[in-house]
Each structure stands twice: as C-alpha cells, then as structure tokens.
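A short worksheet on the structure shown next.
Just so it is clear, none of the values below were taken in a lab; they were calculated from the coordinates. Keep in mind it's a predicted model, so treat the numbers as computed, not measured. Heads up, the Cβs are rebuilt from the backbone with ideal geometry, glycines too, and the neighbour counts pull from every protein chain shown.
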Amino acid sequence: AVLDTEGAVWTVGCNDEGSLGRVVGEEEECFVPGKVEIEEKVVGISAGDSHSAALTETGQVWVWGTFRDSSGPIGLLTWGQLEKTPVKVELPTRNGDAVVKVASGADHLALLTRDGDIWTLGNHSRYFLFPDLILTHNCR
C-alpha cells in the first residue's frame, strides 16, 4: 500500500484474501496500481501479511484483508470473514477518543488513541497478544 500526498491509498500486487482493498476482476489488474476507496483523507497506513489499515485525519481506522493463523485465513473483524474492501473499525472508546497511530505485525494490528489507550486485534498464536479476533483494550 502507498499513501499519496492527497491522502489517497493505492495498492498493487497479489490480492490473496482481499489484501488490496479493492475488487479486482482479472489477475492482471492486480499488477496495475489502483485506488482504495476510503471516505476521507488518510494520514497513515499500515500493512501485515494479508491485511492493511488506514488511519484518517479524523482518527478513524479502516481495514481490509484478513488475519491468518497456522491453518490459513481466520478473518478480520468477524471470525472467518475476509474483507475485500475497507471496513471501519468501531472502537468502544470514551468520548469518541480518536486513534492517532496504527501499527501492524504479520497478523495483528495495534491502535493508539489520543488519550494513550492501546487497542489490539488479530491473531495471538505467534505474538502472545490476546485471544483471536477479540478487540482488547489496555489502559495506561
């Protein structure tokens, strides 16, 4: 994934498990850069093995693709469900606390909020995070 100066995300390459964040009709289209449709300006991106995340200027996080475990794809926000186009991550934050940073590992994602809270999601089997696909919250 590439972030341009206008705040748009572009992807190119293998689209296994929806990792490009856009619908691709023919395999050849994967190797032509294409824009990922996100509703607002993106200020940061992060990518793992088969997932990507975009942070918008208002502190919203959009994700696509899937997390994986030793058996293969396990889903992204819902167990077993791949996301081929961006979906918004809904955090149960207090006072609408915005996310200010996103960081991906191979099969997990960490989100840092303005108030200093950390939220994680993804596969814990290799990283000793938290249970599979459960959004977890760690206070300071």
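Tabulated results
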quantity	calculated
Nearest-20 debye value, the chain charge dipole, Cβ charges on Lys, Arg, Asp, Glu	560
Correct option for percent of Cα pairs over 22 Å apart [calculated from the coordinates] among (i) 48; (ii) 30; (iii) 35	(iii)
Full-stretch length increase - D97, E26 - with 0.36 nm per residue and alpha-carbon distance subtracted	21.5 nm
Relative packing of peptides 32-41, 72-81, 48-57 - highest average C-beta neighbours within 10 Å first	48-57, 72-81, 32-41
Length added when fully stretched, I118-T78, from 0.36 nm per residue minus Cα-Cα	12.4 nm
Positive-pole candidate from G116, S50, V63, dipole of the chain, charges at beta carbon	G116
